[in-house]
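Worksheet for the structure shown next.
The values are calculated or read from the model by the stated rules, or taken from the named source; none is laboratory data. What you see is a predicted model, and the numbers here were worked out from it, not measured in a lab. A quick note on method: Cβ atoms are made from the backbone with ideal geometry, for glycine too, and the neighbour counts reach across all protein chains shown.
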Amino acid sequence: MDVTFFTAWIQEIIRVLSINRDLLTRLDAAIGDADHGTNLDRGFTSVRQALSDTPPGTPGQLLTLVGNTLIRRVGGASGPLYGSLFRQLGKSLGDAPEVSLDDLAAAFATALESVTRLGKAAEGDKTMVDALAPAARTLSSAAREGLKPGEALGRAAAAAAEGAKATIPLQARKGRASYLGPRSVGHEDPGAASAALILSALHP
Ligand code: ADP
Ligand code: MG
Ligand code: MG
């Protein structure tokens, strides 16, 4: 998987998040402040601009640029969290021109750690971690089993989608939704939903 592959991922994220902007904002209206869709759409629109200004030469450079742009442009909790996810992905991949499934799985596990270090959310707290963590686990076990990247990424996306749906009955313990206490139950977490969309965009 090279810089062209990862650029296609980011372009697909931009497309999918823009299509789902209002859905994500509606989810955030129920248990937050109704800005998650617009936050991410603004961030990834800036990412598109940054990529056309300075086309990155390696997967690591690309993902670092995405992370830095999100941190700069997205207000709200999700900006620094997704920013550190992408920045750490970029850092872990270093300056390698080609990335194996093993490399990506290891980088994703480390990137998830940087999200939990920053946000202090554990699985079950009803956040993006509930989608990212099962995806990271699935990617690692798929890499260990020697699956082809396409199959591995498909399984990781499915695990993220399942993790996002599983936030519906949970009570939020982190982020704005936690202020609602038991009233956060019965709604899908917007950040978990966007994380599932971001993973669904990752395919060969
Ligand atoms: P804000 O809540 O500041 O308006 P967003 O609406 O863009 O920011 O993002 C909200 C999402 O961020 C939540 O749905 C949740 O998934 C995620 N989130 C919030 N706080 C945390 C945290 N401490 N750790 C992990 N994810 C978090
Ligand atoms: Mg919000
Ligand atoms: Mg906000």
Review point. Within the set of pairs 6 or more residues apart or between chains, which connect a residue that is over 15 Å from VAL129 (Cβ atoms) and charged (D, E, K, R) inside the stretch 177-204 to a residue that is part of a loop (DSSP other than H, G, I, E, B) and within 16 Å of ligand 3 (Cβ to nearest atom) with Cβ atoms less than 6 Å apart?
Key: none
**Study point:** Number of positions in the stretch 72-95 that are under 14 Å from the mean Cα position of the chain (by Cα), more than 15 Å from ligand 3 (Cβ to nearest atom) and over 14 Å from ILE10 (Cα atoms)
**Key:** 2
Revision key, fill the gap. Restricted to the stretch 151-191 and to residues being within 16 Å of ligand 2 (Cβ to nearest atom) and part of a loop (DSSP other than H, G, I, E, B), the residue surrounded by the most Cβ atoms within 10 Å (Cβ to Cβ) is ASP189
Study note, to complete from the structure: How many residues of the stretch 56-76 are buried (at least 22 other Cβ atoms within 10 Å of the Cβ) and of a type in the set (Gly, Ala, Ser)? The answer is 2
Revision key, fill the gap. Across the stretch 10-58, the tally of residues that are in contact with a Leu (Cβ under 8 Å, 6 or more places away or on another chain), within 16 Å of ligand 3 (Cβ to nearest atom) and of a type in the set (Gly, Ala, Ser) stands at 2
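Matching residues to (1) under 22 Å from THR138 (Cβ atoms); (2) more than 16 Å from the chain's Cα centre (by Cα); (3) within 16 Å of ligand 2 (Cβ to nearest atom); (4) at pLDDT 95 or above:
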residue	(1), (2), (3), (4)
GLY37	no, no, yes, yes
PRO55	no, yes, no, no
PRO97	no, yes, no, yes
THR116	yes, no, no, yes
